[in-house]
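**Student:** Dumping the structure here so I can ask a few things about it.
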2 protein chains.
Amino acid sequence: MGNNFESIRALMQHYIEIDDVEWELCKAMFTVKHIKKKEIVLSEGEICRDIYFVVKGLLRIYFVDQNDDEKTFHFSVENTFATDYRSFLREIPGDFYIQALEDTTVLVVTFEMLQLLYANLRNGEKLGRLIAEDYFIVFNDKIKGIYTQTPLQRYNSMNATFPRILMRVPQHYIASYLNISPVHLSRLKYGIDEL
Amino acid sequence: MGNNFESIRALMQHYIEIDDVEWELCKAMFTVKHIKKKEIVLSEGEICRDIYFVVKGLLRIYFVDQNDDEKTFHFSVENTFATDYRSFLREIPGDFYIQALEDTTVLVVTFEMLQLLYANLRNGEKLGRLIAEDYFIVFNDKIKGIYTQTPLQRYNSMNATFPRILMRVPQHYIASYLNISPVHLSRLKYGIDEL
DNA sequence: AAATAACAATAACAAATGTTAACATTTCAA
DNA sequence: TTGAAATGTTAACATTTGTTATTGTTATTT
């Protein structure tokens, strides 16, 4: 269904001009994939060969630490990308998992297809640069938030970062994203400390 | 002195081919600047219009939090860049300071000059994309370290991330980079807790 | 050289956060 | 539909980390 492509076309055109000829090229580079809730599409140790663009649904990027605890690194909501960036860009085994938290529809771009886009769109490289810069700022702000905000402040701003996330995913995933224990998050929410 | 440019030429050529004609163009885009120890070259509230490439010396990127505490966000050592990325890319007032921790020599590239480089080098946009991707991975790894490593582990790996940093800067700057108090860092180093 | 400021270590105490366990509720699967 | 698994809250206790203050040392400035 062509409709899946409308959102990524809009996103790309936010960065560069794309004419109809180029757009036909683009469409050929994407594959539609449906991911069932709880399905894992990338595991630790694999080379991540794809970028996922979330059309509908929700992906969770996480890794497993030394104590076998899952740490949620990022949520990828509608109209955003998901990949193991280090693994994808360097073509080396990664240490992230990517899992669907809802039934999810994504557009898949492989590393090879992406290089074709960079090379064959008039402003392909510029598109890549601008998207990389935007995600760079996302990470920049995330780090800054870790330095300046309390866990509760970060909890309260999560809905702004990830639309409706607090109503969409189990709370312990939120806690792991905040890098605090589920028990502690529950306490913070209800202000049980203030006695 | 032309020698200041050798390191950035090597860095750029690590990403793309640059012929002699292009290199003359590049050189014209850089300005050499000497920064005295403790001098602040960017302050909160200013629009950051430059990227600094550190030829020699050491810069500290930090911000001031709600409690007026300085938080060290990043150290820029030789052969790396320093800027307030959000402010620079978006051309909006930023909230970072950039300060020299040693007498430092940098090459300055303004936003305008950088756009000229992107537009006029054969692979200018690609250069921008690849550098953005590399710094993206730097931030990616920094966030991952915050999730997975204890403050002491992060302290012990700082010399790998920033050459000789532990011998170059006062310890309380290291503590603020690790997002812990100077007192706590001192305790961790000497293992005073284990009693 | 003397005065001052910056820095690091330590101690004592306070606050934040983690861990384990118990329990109740909801979701999911056979 | 029923039992099992997942989830969220709360309590008790342990650990980590922060705060304040004191002290001695090292740098910096005059």
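The values are calculated or read from the model by the stated rules, or taken from the named source; none is laboratory data. Only a predicted model underlies this, so the values are computations on that prediction, with no experimental measurement involved. We place every Cβ from the backbone using ideal geometry, glycine too, and count neighbours over all the protein chains shown. Remember, those area values only see protein heavy atoms, side chains included, never the ligands or the DNA or RNA. Shrake-Rupley method; radii C 1.70, N 1.55, O 1.52, S 1.80 Å.
For (1) more than 16 Å from DNA strand D (Cβ to nearest atom); (2) under 25 Å from B:Ile131 (Cα atoms); (3) open to solvent by 50 Å² or more (accessible area, probe 1.4 Å), each residue gets a yes or a no:
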position	(1), (2), (3)
A:Lys27	yes, no, yes
A:Glu46	yes, yes, yes
A:Asp69	no, no, yes
A:Phe73	yes, yes, no
A:Val109	yes, yes, no
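**Student:** On the basis of being away from DNA strand C (no atom under 16 Å from the Cβ), over 30 Å from A:Met29 (Cβ atoms) and within 14 Å of another protein chain (Cβ to nearest Cβ), does A:Lys126 make the cut?
**Tutor:** Working: away from DNA strand C (no atom under 16 Å from the Cβ): yes; over 30 Å from A:Met29 (Cβ atoms): no; within 14 Å of another protein chain (Cβ to nearest Cβ): yes.
So A:Lys126 does not fit the description; no.
**Student:** Continuing with the same structure: Residue under question is A:Gln149, and the condition is that it be within 13 Å of DNA strand C (Cβ to nearest atom) and buried (at least 16 other Cβ atoms within 10 Å of the Cβ); does it hold? It would help to see each step written out before you state the result.
**Tutor:** Details: within 13 Å of DNA strand C (Cβ to nearest atom): yes; buried (at least 16 other Cβ atoms within 10 Å of the Cβ): yes.
Yes, satisfied.
**Student:** I would also like to ask the following. Go through A:Tyr190, A:Tyr177 for me and flag whichever is away from chain B (no Cβ under 13 Å), of a type in the set (Ser, Thr, Tyr), within 16 Å of DNA strand D (Cβ to nearest atom) and open to solvent by 10 Å² or more (accessible area, probe 1.4 Å).
**Tutor:** Details: A:Tyr177 fails: away from chain B (no Cβ under 13 Å).
Among A:Tyr190, A:Tyr177, only A:Tyr190 is away from chain B (no Cβ under 13 Å), of a type in the set (Ser, Thr, Tyr), within 16 Å of DNA strand D (Cβ to nearest atom) and open to solvent by 10 Å² or more (accessible area, probe 1.4 Å).
**Student:** In addition: Somewhere in region A:35-44, is a residue acidic (Asp, Glu), part of a loop (DSSP other than H, G, I, E, B) and under 13 Å from A:Val106 (Cβ atoms)? Reasoning before the result, please.
**Tutor:** Within region A:35-44, the subset acidic (Asp, Glu) is A:39, A:44.
Checking which are part of a loop (DSSP other than H, G, I, E, B) leaves us with A:39, A:44.
Now narrow it down to the ones that are under 13 Å from A:Val106 (Cβ atoms): A:39.
The answer is yes; a qualifying residue exists.
**Student:** Across region A:157-168, what is the total count of residues that are touching a residue at least 24 places away in the same chain (Cβ under 8 Å) and within 13 Å of DNA strand D (Cβ to nearest atom)?
**Tutor:** Residues in region A:157-168 being touching a residue at least 24 places away in the same chain (Cβ under 8 Å) and within 13 Å of DNA strand D (Cβ to nearest atom): 2 in total.
**Student:** When you check B:Ala132 against the structure, is it small (Gly, Ala, Ser), in contact with a helix residue (DSSP H, G or I) (Cβ under 8 Å, 6 or more places away or on another chain), more than 10 Å from DNA strand D (Cβ to nearest atom) and open to solvent by less than 40 Å² (accessible area, probe 1.4 Å), yes or no?
**Tutor:** Values: small (Gly, Ala, Ser): yes; in contact with a helix residue (DSSP H, G or I) (Cβ under 8 Å, 6 or more places away or on another chain): yes; more than 10 Å from DNA strand D (Cβ to nearest atom): yes; open to solvent by less than 40 Å² (accessible area, probe 1.4 Å): yes.
In short, yes.
**Student:** What's the total number of residues in region B:153-174 that are open to solvent by 60 Å² or more (accessible area, probe 1.4 Å) and within 25 Å of A:Asn179 (Cβ to Cβ)?
**Tutor:** Number satisfying all stated conditions: 7.
**Student:** Among the numbered criteria (1) within 14 Å of another protein chain (Cβ to nearest Cβ); (2) not in a strand (DSSP E or B), which single criterion is violated by B:Ile61?
**Tutor:** Only one criterion is unmet by B:Ile61, namely (2).
**Student:** Would you mind finding the one in A:Gln115, A:Gln153, A:Gln149, A:Gln171 that is free of Cβ contacts under 8 Å to residues at least 60 places away in the same chain and away from DNA strand D (no atom under 16 Å from the Cβ)?
**Tutor:** Details: A:Gln153 fails: away from DNA strand D (no atom under 16 Å from the Cβ); A:Gln149 fails: away from DNA strand D (no atom under 16 Å from the Cβ); A:Gln171 fails: away from DNA strand D (no atom under 16 Å from the Cβ).
So the residue among A:Gln115, A:Gln153, A:Gln149, A:Gln171 that is free of Cβ contacts under 8 Å to residues at least 60 places away in the same chain and away from DNA strand D (no atom under 16 Å from the Cβ) is A:Gln115.
**Student:** Pairs, please: C-beta under 9 Å, at least 6 apart or cross-chain, first residue in a loop (DSSP other than H, G, I, E, B) and in region A:174-188, second of a type in the set (A, V, I, L, M, F, W, C)?
**Tutor:** As it stands, the answer is A:Asn179/A:Ile146; A:Asn179/B:Ile146; A:Ile180/A:Leu188; A:Ser181/A:Ala175, since those pairs meet every condition given.
**Student:** Only one residue in B:Glu91, B:Glu39 is at pLDDT 95 or above and either of a type in the set (Phe, Trp, Tyr) or within 16 Å of DNA strand D (Cβ to nearest atom) (or both). Which one?
**Tutor:** Working: B:Glu91 fails: either of a type in the set (Phe, Trp, Tyr) or within 16 Å of DNA strand D (Cβ to nearest atom) (or both).
Checking each option against the conditions leaves just B:Glu39.
**Student:** Could I ask something else about it? Which numbered condition in (1) farther than 27 Å from B:Tyr85 by Cβ; (2) within 14 Å of chain B (Cβ to nearest Cβ); (3) more than 13 Å from DNA strand D (Cβ to nearest atom); (4) surrounded by 13 or more Cβ atoms within 10 Å (Cβ to Cβ) is the only one that A:Lys144 fails?
**Tutor:** (1)
**Student:** Among the residues of region A:14-66, count how many are out of contact with any strand residue (DSSP E or B) (no Cβ under 9 Å at 6 or more places or on another chain) and without any contact (Cβ under 8 Å) to a residue 12 or more places away in the chain.
**Tutor:** Let us first name the residues in region A:14-66 that are out of contact with any strand residue (DSSP E or B) (no Cβ under 9 Å at 6 or more places or on another chain), namely A:14-28, A:66.
Restricting the remaining residues to those that are without any contact (Cβ under 8 Å) to a residue 12 or more places away in the chain gives A:14, A:19-21, A:24, A:28, A:66.
Summing the residues that are out of contact with any strand residue (DSSP E or B) (no Cβ under 9 Å at 6 or more places or on another chain) and without any contact (Cβ under 8 Å) to a residue 12 or more places away in the chain in region A:14-66 gives 7.
**Student:** Then there is this: Of everything in region B:58-97, what is hydroxyl-bearing (Ser, Thr, Tyr) and within 9 Å of the chain's Cα centre (by Cα)? Give them in sequence order. Explain how you work it out, then say what you get.
**Tutor:** Our first condition is that a residue be hydroxyl-bearing (Ser, Thr, Tyr); within region B:58-97, this holds for B:62, B:72, B:76, B:80, B:83, B:85, B:87, B:97.
Listed by number, the residues that qualify are B:Ser76, B:Thr80, B:Thr83.
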